[in-house]
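> I have a structure here, written as structure tokens, and I will follow up with some questions on it.
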Amino acid sequence: MSQTRIHSLFDQFGILVTPQRLEVASILLEKPQHLSADQIIERLRKSGSAVSKATVYNTLNLFSEHGLVKEVMVDPIRKFYDSATHAHHHFYNVDTGELLDIAEEMVRFEQLPDLPQGTEQQSVEVLIKVRDRA
Ligand SMILES: [Zn+2]
């Protein structure tokens, strides 16, 4: 993704431009993908970047707070950042750690519970955990 495109996305999502944010965004937004913070740090290191771990974590939090990327929690200690923010679901392979997209229309709900009083539905996201066949 071009720097110009990233600048305009930052503008659209109300994110101030810093060199570090541009570096993180150019890796994550390169294509539709799911990356953990550690995977992003690894790629930054490979490209010779000196952005600190803490900055990467803070930047990813900021991106997701502003809706530029989506967080996918696969378990309490593993979180992925999804460059595709449209509504969709996921397969998560617990053996390979791979996350795969499922188109929203591929999942149908026969019945959903009544929402707690005073709330409205924000989203429904399904994570189907799979493992390799033995
Ligand atoms: Zn996804």
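Read-outs: derived from the displayed coordinates by stated rules, not from any lab. Keep in mind the model is a prediction, meaning the values are calculated, not measured. All Cβ positions, even for glycine, are placed from backbone atoms using ideal geometry, and neighbour counts span all protein chains on display.
> What list of ³J(HN,Hα) couplings, whole Hz, do you get for the range 76-90 from phi and the Karplus terms 6.51, -1.76, 1.60, once you set θ to phi - 60° and write x for glycine and proline?
Running phi through 6.51 cos²θ - 1.76 cosθ + 1.60 with θ = phi - 60° gives x, 10, 10, 10, 10, 10, 9, 7, 9, 9, 5, 5, 7, 10, 9 Hz.
> Sticking with this one: If R₀ is 30 angstrom, what is the calculated FRET efficiency for the pair Glu42 and Phe13, using the beta carbon separation as r and rounding to 0.05? If you can, show how the numbers build up before the last one.
Working: r = 25 Å, r/R0 = 0.84.
Efficiency computed from Cβ-Cβ geometry: 0.75.
> Please go through the range 60-134 and write out the trypsin sites (Lys or Arg not before Pro) that DSSP classes as loop and that have at most 10 other C-beta atoms within 10 Å.
Arg108, Arg131, Arg133
> Could you tell me the relative contact order of the chain? Use alpha-carbon pairs under 8 Å, at least six residues apart, and round to a whole percent. Mind dumping the intermediate values first?
Values: 149 pairs, mean separation 27.1, N = 134.
Relative contact order comes out at 20 percent.
> Using a Förster distance of 25 angstrom, determine the FRET efficiency expected from the C-beta separation of Ser123 and Ile77, and round it to 0.05.
FRET efficiency, Ser123 to Ile77: 0.65.
> Okay, next question. Could the peptides 19-29, 91-101 be put in order, highest first, of the mean number of other beta-carbon atoms found within 10 Å of their residues?
19-29, 91-101
> Stretch Ala134-Asn61 to full length: gain in nm at 0.36 nm per residue minus the Cα-Cα span?
On the way: separation 73, 0.36 × 73 = 26.28 nm, distance 3.71 nm.
Extending this stretch completely gives an extra 22.6 nm.
> Report, to the nearest 10°, how far helix 53-65 tilts away from the longest principal axis of the Cα atoms in the chain, using its own Cα long axis and a range of 0 to 90°.
50 degrees
> Scale the Cα Rg of the chain by the rule-of-thumb value 2.2 N^0.38 Å and send over the ratio, two decimals.
My calculation over the Cα atoms of the chain gives 1.18.
> Quote the relative contact order of the range 3-82 in percent (integer), defining contacts as alpha-carbon pairs under 8 Å separated by 6+ residues.
Taking the mean separation of contacting Cα pairs over the length of the range 3-82, I get 33 percent.
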